[in-house]
Ligand SMILES: [Zn+2]
C-alpha cells in the first residue's frame with residue numbers, strides 16, 4: 001500500500017509502557033513515516049497518565065488522556081479521582097480514560113469497577129471531556145451505566161460522549177452505543193481469524209462514528225501475532241476496514257481522521273495554539 005499520502009490518527013496507544021522505553025523515538029518516527037500523524041496515548045492509572053502527559057508535552061504529535069483502567073481500580077478512592085481532576089486540566093489532555101468494566105479478567109472486584117467508572121464518568125462530564133471506554137464481557141452493566149450518565153448530562157458540545165475502544169460487540173450493542181452518541185473504535189483484531197466482529201457489523205457503523213486504533217503494545221496485526229504492536233501498523237487496519245466496508249483506503253483514512261478531530265478536538269482550543 002502506498003501510505004505516503006495517508007493522514008491517520010491512532011486514537012488508542014499506550015506509549016508510556018516500558019516496552020517502548022528503548023526505542024520510543026524510533027517508534028514515533030516509523031509512525032509518522034507511514035502517515036500516522038497523531039497518536040493519543042492513553043493513561044491506565046495515575047502514574048501512567050502522568051507519563052502520558054509528559055510524552056504529549058514533548059511531542060506535538062502526541063496527545064494524552066487520564067484515567068484508571070478497570071484492572072487498576074481495586075485501591076482507588078474518591079481522593080484519587082480528585083487528583084485526576086487536577087491533572088486532567090492539562091492542555092494536552094483530550095479525554096478521560098481508559099475507564100470501564102472488565103468482567104472477563106476480573107482483576108478488580110466488580111463493585112470497585114462500577115464505582116470507579118461512575119466517578120470518572122462524572123469527572124468527564126464536569127470537565128466536558130469525552131470518555132474512552134474499555135468493556136469486556138460487561139455489556140449490560142456498561143450500557144445501563146452509560147444510558148443513565150447520558151440522560152443526566154446533556155453535553156453542550158453535542159455528541160462528544162466518547163468512544164467504545166476495541167469494539168467487538170454485535171449489531172445490537174453497536175446500535176445502542178451509537179444511539180447514546182458514542183463512537184466505535186476498531187483495531188487490528190478485526191483481521192484475526194477468531195474476530196468476534198462480523199463484517200456486517202463493521203460495514204454498518206456510520207462513517208461519522210468510526211475510529212481506528214492500535215491499542216499498542218497489545219493486539220498486533222495477524223501477521224505479527226505474538227510481537228509488540230506499534231502505531232506504524234495502523235495503516236494495515238485502515239486497509240482491512242476499507243476492504244470490509246468496500247470503501248477506498250483514502251475514504252476510511254479521511255473519515256476516521258475527521259472523526260478523531262471532532263471527538264477529541266485534537267490541536268484545538270486548550271493547547272496554546274500548537275499544531
Ligand atoms: Zn488500552
Residue list for the stretch 28-45, filter: within 16 Å of the ligand (Cβ to nearest atom) and either over 15 Å from residue 55 (Cα atoms) or part of a helix (DSSP H, G or I) (or both) = 45
Can you tell me which of 187, 162, 175, 181 is touching a helix residue (DSSP H, G or I) at 6+ places or on another chain (Cβ under 9 Å), farther than 25 Å from residue 226 by Cα and within 16 Å of the ligand (Cβ to nearest atom)?
-> 162
Return the only residue of 71, 90, 134 being at pLDDT 90 or above and touching a strand residue (DSSP E or B) at 6+ places or on another chain (Cβ under 7 Å).
-> 134
Can you name the residue in the stretch 95-111 that is more than 15 Å from the ligand (Cβ to nearest atom) and buried (at least 16 other Cβ atoms within 10 Å of the Cβ) and, of all such residues, is modelled with the highest pLDDT?
-> 103
Does residue 153 satisfy the criteria of being away from the ligand (no atom under 16 Å from the Cβ), under 19 Å from the mean Cα position of the chain (by Cα) and surrounded by fewer than 19 Cβ atoms within 10 Å (Cβ to Cβ)?
-> no
Under the condition of being without any contact (Cβ under 8 Å) to a residue 40 or more places away in the chain and assigned to a helix (DSSP H, G or I), which residue from the stretch 70-86 is nearest to the ligand (Cβ to nearest atom)?
-> 71
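The values are calculated or read from the model by the stated rules, or taken from the named source; none is laboratory data. Remember, it's a predicted structure, so these values are computed and weren't measured experimentally. Every residue, glycine among them, receives a Cβ derived from its backbone with ideal geometry; neighbour counts consider all protein chains shown.
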